[in-house]
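The values are calculated or read from the model by the stated rules, or taken from the named source; none is laboratory data. These figures come from a predicted structure and were not determined experimentally. Note that we place each Cβ from the backbone using ideal geometry, even for glycine, and neighbour counts take in every protein chain shown. For accessibility, only protein heavy atoms count, side chains too; no ligands or nucleic acids. Shrake-Rupley method; radii C 1.70, N 1.55, O 1.52, S 1.80 Å.
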Amino acid sequence: MGASLLAGAAALWAAACASQGAPPGGPEDRRPPVVVRTEPDTFAVLQDLRRPVRFHFDERISEQARSGSLRDAVTVSPRSGEVRVSHGSRTLTVEVQGGWRPGLVYRVTLLPVVSDLFGNQIRDPFEIVFSTGGEPVPTALAGQVWDRISGQGAQDALVHAVGSDSLVHVARADNQGIYAFRYLPPGAFTVTGFVDLDRDGEPGPRETKGGAATTLLAGDTVLIDVPILAPDTTAAVFLRAGALDSLTLVLEHDDYLDPEADASAVEVVLGREGSTAPEVARLFQEHEYVAFVRQVTDSIARADSAASVAAPPAPPVAPDSAAAPAVGAPPQPPPTPGAGPVAGGRGGGRGGAAAQARRGPPALPGARSGGPPSVGNPAVVGGPPAGRLLPGRRLVARLTAALERGVEYGVRVAGVVNLNGLAGGGGERTFTLELAPVDSTVVGDSIPDPFGPPPDTLL
């Protein structure tokens with residue numbers, strides 16, 4: 001009796017769900033709604049300019065979008081009036097205030113924010129293209145909107161493509177920042193990507209944005225990435241100086257710098273009370289210094305390799321030598337003279353500027369031997385995609401003479417331009433080369449940060 005009642009209840013539940021247009025409980029509940037028909041059909045020519053566009057689904061859909069409002073569920077391109085979206089049990093209706101404009105090719109995209117009554121969201125955008133008298137031209141304009149500092153795609157960014165007719169064509173990037181336009185008319189376009197924080201559909205003065213320009217010919221497929229950057233109103237401020245060794249200074253700022261700017265345009269002057277301070281022989285962007293280290297290191301390695309081929313073999317070490325390692329101990333490399341002190345480091349050998357000149361400049365913290373130079377923001381996990389040079393906050397100065405340990409130096413920086421193009425950055429700071437040197441010329445991940453605490457203070 002109980003089993004038959006349960007079976008009857010299950011049947012009634014299934015019938016009720018079916019009458020509401022929703023699938024019964026079970027695995028089917030996870031199936032997203034599907035667009036089964038559109039009005040008009042794709043590539044139709046719309047004669048009645050006040051006729052709405054409708055998406056028909058195979059089941060009932062929710063009255064609420066998963067994010068934002070129903071207005072956020074579609075994009076209409078080009079933009080020719082205020083868009084209105086209304087909801088039916090199994091339809092979404094899209095209208096433009098004042099009707100569709102004649103002589104255009106429209107693209108209406110349903111975004112994956114629509115869900116059914118169980119919360120199952122459509123997986124991919126759905127798009128229809130129709131004409132109000134214009135001729136669809138097979139063109140494509142696509143790319144990625146990416147954050148200029150992190151190098152990563154800007155999720156859900158809005159993209160405008162504006163041609164000579166001033167019509168605004170609209171696309172929305174996906175969660176990786178990928179956007180695409182289809183059937184744009186041939187011509188020159190300005191492409192603007194932005195994060196629409198206030199949801200007004202326009203790139204505001206306080207929103208992260210960026211632009212690029214391109215030209216489309218009939219039948220073209222153009223790929224163009226759009227870097228975006230948050231607005232800024234203040235110049236970069238010089239924060240502090242630290243030494244990689246007695247000949248190399250790192251100059252850190254509070255803002256990101258353009259990695260493609262000419263570092264030689266920045267003025268760096270050292271001063272010392274009662275005496276003459278070294279001058280700057282060369283100023284590098286951070287990524288330029290990493291490349292410089294690699295170039296010098298590779299040149300020295302090739303020279304050492306050639307010399308070792310020509311040199312006679314070294315005599316064997318006597319078995320009873322005091323320098324011989326204990327049985328079972330790993331072989332020890334010969335001691336290497338240090339190349340100069342690093343602020344915050346621990347004790348090591350001495351060798352000064354002469355030893356450093358022989359063995360090459362010190363590597364920046366985080367530099368890796370082999371492969372392409374590491375560039376940009378060290379906080380970016382995995383690094384930027386290939387070909388994207390990310391900004392950093394540091395400049396590197398190579399000096400004409402060695403700094404003296406324990407002496408306070410003044411450092412003045414002027415002429416710094418930040419990543420937003422704001423000039424007038426710089427400042428004045430003092431710094432003292434610490435007394436405890438380390439060997440900092442090895443290219444690898446073990447170089448201490450010149451601004452970090454000495455290892456002893458970490459205990």
(request) For TYR256, list long-range residues whose amide hydrogen, built 1.01 Å from N in the peptide plane, is under 5 Å from its own amide hydrogen. (result) LEU419
(message) Given Cα positions, please report Rg to Rh for region 124-264, the hydrodynamic radius being the Kirkwood one.
(response) 1.12
(request) On each of the three principal axes of the Cα atoms of region 147-190, give max minus min coordinate, whole Å, ordered largest first. (result) 34, 18, 13
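Can you figure out the FRET efficiency of THR214 with ASN175, using R₀ = 30 Å and their beta-carbon distance, to the nearest 0.05? Show your work: numbers first, answer last.
Working: r = 24 Å, r/R0 = 0.80.
According to the calculation, E is roughly 0.80.
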(request) Enumerate the amide H contacts of ASP220 below 5 Å, restricted to partners 5 or more residues apart or on another chain; note that Pro and chain-start residues carry no placed amide H. (result) ALA140
(message) Can you give me the long-range amide H partners of GLY143? Hydrogens built in the peptide plane at 1.01 Å from N, cutoff under 5 Å, separation of 5 or more residues or another chain.
(response) TYR179, ILE224
(message) Once you place label points 7 Å from the Cα toward the Cβ at VAL237 and ARG101, how far apart are they in nm?
(response) 4.7
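Considering only protein heavy atoms, what per residue accessible area in square angstrom results for region 152-245 with a 1.4 angstrom probe? Working shown, then result.
Working: 4500 Å² over 94 residues.
With all protein chains present, region 152-245 gives 48 Å² per residue.
Using a Förster distance of 56 Å, how high is the FRET efficiency between ARG123 and ALA281, based on the Cβ-Cβ distance and rounded to 0.05? Could the numbers behind the result be given before it?
Working: r = 58 Å, r/R0 = 1.04.
Efficiency at R0 = 56 Å is approximately 0.45.
In a shell of Cβ-Cβ distance under 14 Å around ALA261, excluding ALA261 itself, what net charge do Lys and Arg (+1) and Asp and Glu (-1) give?
Numbers: positive: ARG148, ARG393, ARG394; negative: ASP255, ASP258, GLU260, ASP262, GLU267, GLU286, GLU288.
In short, -4.
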